[in-house]
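For reference, the structure is listed below as structure tokens.
The numbers here are math on the coordinates, done by the rules we state, and not lab data. What you see is a predicted model, and the numbers here were worked out from it, not measured in a lab. A quick note on method: Cβ atoms are made from the backbone with ideal geometry, for glycine too, and the neighbour counts reach across all protein chains shown.
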Amino acid sequence: MRDMSRKQGASSPCAACKLLRRRCAQDCVFAPYFPADEPQKFANVHKVFGASNVSKMLQELPMHQRSDAVSSMVYEANARVRDPVYGCVGAISSLQQQVDVLQTQLALAQAEVVHMRMRQATSFSGLAGNSVESGSPSSKLTTPHSHSRSLFAMDMVVDQTNMGESLWSC
Ligand SMILES: [Zn+2]
């Protein structure tokens, strides 16, 4: 078995084998995904997951899924190195918050559109009541904005607890 892998010792080792100071075999599980010219890619994965775990995880997967698995492990490892407390959960959580903020903004904008359309419809249908409505638009337009700010602040607080629960449970 050793003799077989020894035959191709001429080619340079992959980034993983280089860091682990071992010979890179023909069937090295790391070689296709950790080229020698990207040493940092494996360094972080090794630091966070450990080389033998990465090797096991890759071997348990069919060939066509290994590249995606490596990409996600590299992403997770880099995030963990950058943020030792939250790792990629920090990124997911902040994106989730952005989604919630934007969804709130969208809902408010849609509500405003509905409100304006209704006002337009009523002013067209009853021109006699025009004088009653004329003073209100400016004051009505300012309320959604001040309201939205307080909603965002609330969302941030409420959301973090929700995020934590759903992330840790799965
Ligand atoms: Zn190798």
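Working only within the stretch 29-44, note down all residues that are closer than 16 Å to Glu76 by Cα and either away from the ligand (no atom under 12 Å from the Cβ) or in a loop (DSSP other than H, G, I, E, B) (or both).
Residues satisfying the conditions are Tyr33, Phe34, Gln40, Lys41, Ala43, Asn44.
Taking first residues from the stretch 13-29 that are over 12 Å from His46 (Cβ atoms) and partners that are part of a helix (DSSP H, G or I) and within 6 Å of the ligand (Cβ to nearest atom), the Cβ contacts under 6 Å between residues at least 6 apart in sequence or on separate chains come to Cys24/Cys17. Exactly one of these conditions fails for Asp83: (1) within 24 Å of Ser12 (Cα to Cα); (2) under 16 Å from the mean Cα position of the chain (by Cα). Give me its number. If we test Asp83 against (1) within 24 Å of Ser12 (Cα to Cα); (2) under 16 Å from the mean Cα position of the chain (by Cα), just (1) comes out false. The set of residues from the stretch 10-19 being part of a loop (DSSP other than H, G, I, E, B) and either more than 8 Å from the ligand (Cβ to nearest atom) or touching a strand residue (DSSP E or B) at 6+ places or on another chain (Cβ under 6 Å) (or both) comprises Ala10, Ser11, Ser12. Being surrounded by fewer than 13 Cβ atoms within 10 Å (Cβ to Cβ) and of a type in the set (Gly, Ala, Ser) is the filter here; which residues of the stretch 10-54 pass it? Result: Ala10, Ser11, Ser12, Gly50, Ser52.
Residue-by-condition table, conditions (1) over 14 Å from the mean Cα position of the chain (by Cα); (2) more than 26 Å from Ala16 (Cβ to Cβ); (3) of a type in the set (Val, Ile, Thr):
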| residue | (1), (2), (3) |
| --- | --- |
| Val54 | yes, no, yes |
| His64 | yes, no, no |
| Ser72 | no, no, no |
| Ala77 | no, no, no |
| Gly87 | no, no, no |
| Gly90 | no, yes, no |
| Ser93 | no, yes, no |
| Gln98 | no, yes, no |
| Gln103 | yes, yes, no |
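What is the number of the single condition among (1) away from the ligand (no atom under 16 Å from the Cβ); (2) outside any helix (DSSP H, G or I); (3) touching a residue at least 12 places away in the same chain (Cβ under 8 Å) that Pro84 does not meet? Among (1) away from the ligand (no atom under 16 Å from the Cβ); (2) outside any helix (DSSP H, G or I); (3) touching a residue at least 12 places away in the same chain (Cβ under 8 Å), Pro84 violates only (3).
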